[in-house]
Amino acid sequence: MKPAPIFVAVLIAGTALVGWIAAVAFALTRLGGMSPVSRAVSAAGWLSLLAAIAVAFIVQGRIGAAATGSSSSVGDSRSGDAALGLLIVGLACAGIALLL
């Protein structure tokens, strides 16, 4: 059974939010010992995760508008794929920052 699109959008947004909070908490505990490269990779991860949250909520709004009939259709938007890609990039950057 295929999951509902609104559930997937909320799941991506929630995962991105939890990943961003964890990455920020980790960086704050190790801020003095992080190299400049690690800080840059961590910042790139934060920005990617925040962008994933924003895109996921945009997708959620489009799905909601289509469901209520105020919009003709969701369309063939690649925003959902972009949200997932940003989530993966953000979590990868957070993991790489841990290793540096």
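The values are calculated or read from the model by the stated rules, or taken from the named source; none is laboratory data. It should be emphasised that the depicted structure is a prediction, and the values quoted were computed from it without experimental measurement. Every residue, glycine as well, gets a Cβ built from its backbone with ideal geometry; the counts of neighbours run over all protein chains shown.
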Q: Give the residues of segment 19-38 that are over 19 Å from the mean Cα position of the chain (by Cα) and either at pLDDT 90 or above or assigned to a helix (DSSP H, G or I) (or both), sorted by residue number.
A: 28, 29, 31, 32, 33, 36, 37, 38
Q) Quick one: is residue 91 surrounded by 16 or more Cβ atoms within 10 Å (Cβ to Cβ) and touching a Gly at 6+ places or on another chain (Cβ under 7 Å)? A) yes
Q.
Quick check on residue 90: is it in a helix (DSSP H, G or I) and at pLDDT 90 or above?
A. yes
Q: Select from segment 10-68 the residues that are farther than 15 Å from residue 93 by Cα, among the aliphatic types (A, V, I, L, M) and in contact (Cβ under 8 Å) with a residue 40 or more places away in the chain and list them in ascending order.
A: 10, 12, 13, 53, 56, 59, 63, 67
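Taking the condition modelled with pLDDT of 85 or more and within 18 Å of the chain's Cα centre (by Cα), does residue 84 pass?
yes
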Q. Yes or no: residue 62 surrounded by 18 or more Cβ atoms within 10 Å (Cβ to Cβ), charged (D, E, K, R) and either part of a loop (DSSP other than H, G, I, E, B) or out of contact with any Phe, Trp or Tyr (no Cβ under 6 Å at 6 or more places or on another chain) (or both)?
A. yes
